[in-house]
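Everything below concerns the one structure shown next.
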Amino acid sequence: MRFEERYGEAVTDSAGKDDYEHHGGFPRYTPAEVGPEYGRLVDALRTLQDLAVSTAPTPEVIEDAAERVEALIDLLKPFAVPEGEQPAGRVLSLPGRGSLLMLPWTVEKFDAEGVRSRGMFRRYHLGGNGAAHGGTLPLLFDDLFGMIQHAYGRPISRTAYLHINYRKITPLDTELVVEGSVDKVEGRKTFISAVLKDREGTVLADCEALMVQLLKGQP
Ligand SMILES: CCCCCCCC(=O)SCCNC(=O)CCNC(=O)[C@H](O)C(C)(C)COP(=O)(O)OP(=O)(O)OC[C@H]1O[C@@H](n2cnc3c(N)ncnc32)[C@H](O)[C@@H]1OP(=O)(O)O
């Protein structure tokens with residue numbers, strides 16, 4: 001089936017031609033070129049996050065750790081840059097695009113038909129009793145939806161609502177897959193849905209959202 005037949009008013013004239021000046025200064029995000037040391041740093045920081053929420057060190061070790069982290073802050077602080085210039089979030093080859101905020105998942109399908117990503121929730125994402133925190137799932141879905149609408153060729157939009165059904169406990173340290181696509185487009189509105197499954201195909205959560213195209217001047 002042809003793309004337009006399946007989705008109706010899908011590929012708009014504005015696709016890929018966003019006027020960023022009209023979006024309240026929305027920065028233009030371009031892929032970042034970094035060496036392998038960047039992925040090494042992000043990976044180490046993720047492990048540090050896991051340890052920060054899962055260890056109970058002695059006061060001496062806490063003091064030592066605090067001093068080392070403060071030294072790291074002093075090292076990095078002079079290199080602060082405005083939004084859009086940092087590599088974090090712009091390294092497509094890295095889990096979570098190299099952003100510590102994003103789940104460390106890897107995109108394995110990215111086109112107008114939909115986006116699929118694979119990865120794990122880690123100790124850092126613990127909610128209770130071995131399950132991922134309920135607030136981490138909207139993060140996974142919302143970021144996926146941003147990619148889905150970008151891959152579909154929709155203009156810059158923001159999430160107006162996001163509805164999640166938590167069907168089963170989402171386990172930590174277990175490979176999972178999330179996949180979604182555009183359901184329909186109505187003027188400025190893009191309706192998107194996605195499903196989170198385990199490797200056996202069991203649905204853990206599903207989500208639907210509305211993204212609304214920004215008007216001139218909307219931030
Ligand atoms: C590369 C960049 C990727 C960026 C991806 C970002 C993903 C995000 O997570 S964004 C962060 C979270 N979202 C936000 O902060 C958004 C905050 N909200 C807003 O900015 C505004 O409410 C915004 C832009 C969504 C819509 O505002 P506005 O332009 O005034 O919309 P408005 O004219 O009221 O509504 C437009 C249409 O959407 C509908 N609509 C808007 N909000 C809702 C809602 N919550 N529920 C149902 N329908 C809605 C309206 O009914 C209307 O429909 P119709 O055209 O059929 O009458």
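The values are calculated or read from the model by the stated rules, or taken from the named source; none is laboratory data. These numbers were taken from a predicted model, which means no experiment stands behind them. Cβ placement follows ideal geometry from the backbone for every residue including glycine, while neighbour counts extend to all protein chains displayed. The protein model used for the area step is the full one, side chains on, heavy atoms only, and it has no ligands, DNA or RNA in it. Shrake-Rupley method; radii C 1.70, N 1.55, O 1.52, S 1.80 Å.
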Please turn the phi angles of the range 152-166 into ³J(HN,Hα) values with the Karplus equation 6.51 cos²θ - 1.76 cosθ + 1.60 (θ = phi - 60°), one per residue in order, whole Hz, x for glycine and proline. 7, x, 7, x, 4, 9, 10, 5, 8, 8, 8, 10, 10, 10, 8
In nm, to one decimal, how far is the Arg158 label point from the Ala56 one, both placed 7 Å along Cα→Cβ? 4.3 nm
Please name which of Gly217, Leu101, Phe121 has its Cα lying farthest along the dipole of the chain towards the positive end, using unit charges on Cβ (Lys, Arg +1; Asp, Glu -1) and the Cα centre as origin. Gly217
Give the Cα extents of the range 99-203 along the principal axes, in whole Å, largest first. 44, 27, 25
Arranged from highest to lowest average of other beta-carbon atoms within 10 Å per residue, in what order do the peptides 31-43, 174-186 appear? 174-186, 31-43
Burial-style ranking of 195-202, 131-138, 96-103, average other-beta-carbon count within 10 Å with highest first, yields 96-103, 131-138, 195-202
Under-5 Å amide H pairs with Trp105, H placed in peptide plane, nonlocal only: Gly96
Given unit charges at Cβ for Lys, Arg (+) and Asp, Glu (-), the dipole magnitude of the chain about its Cα centre in debye, nearest 20, is 520 debye
For Phe121, list long-range residues whose amide hydrogen, built 1.01 Å from N in the peptide plane, is under 5 Å from its own amide hydrogen. Asp173, Thr174
With every protein chain present, what accessible area does Leu162 have (1.4 Å probe, heavy atoms only), rounded to the nearest 10 Å²? 60 Å²
Rounded to the nearest 10, the angle in degrees between the Cα long axis of helix 59-76 and the longest principal axis of the Cα atoms of the chain comes to 50 degrees
Could you do me a favour and compute the accessible area per residue for the range 36-213, 1.4 Å probe, result in Å²? 56 Å²
Just to be sure I understand: with springs between alpha-carbon atoms less than 10 Å apart, which residue in Arg46, Arg188, Arg118 has the highest mean-square fluctuation in the Gaussian network model of the chain? Arg188
Could you give P(r) for the chain, binned at 10 Å from zero, as whole percent values over all Cα-Cα pairs? 7, 28, 33, 22, 8, 2, 0
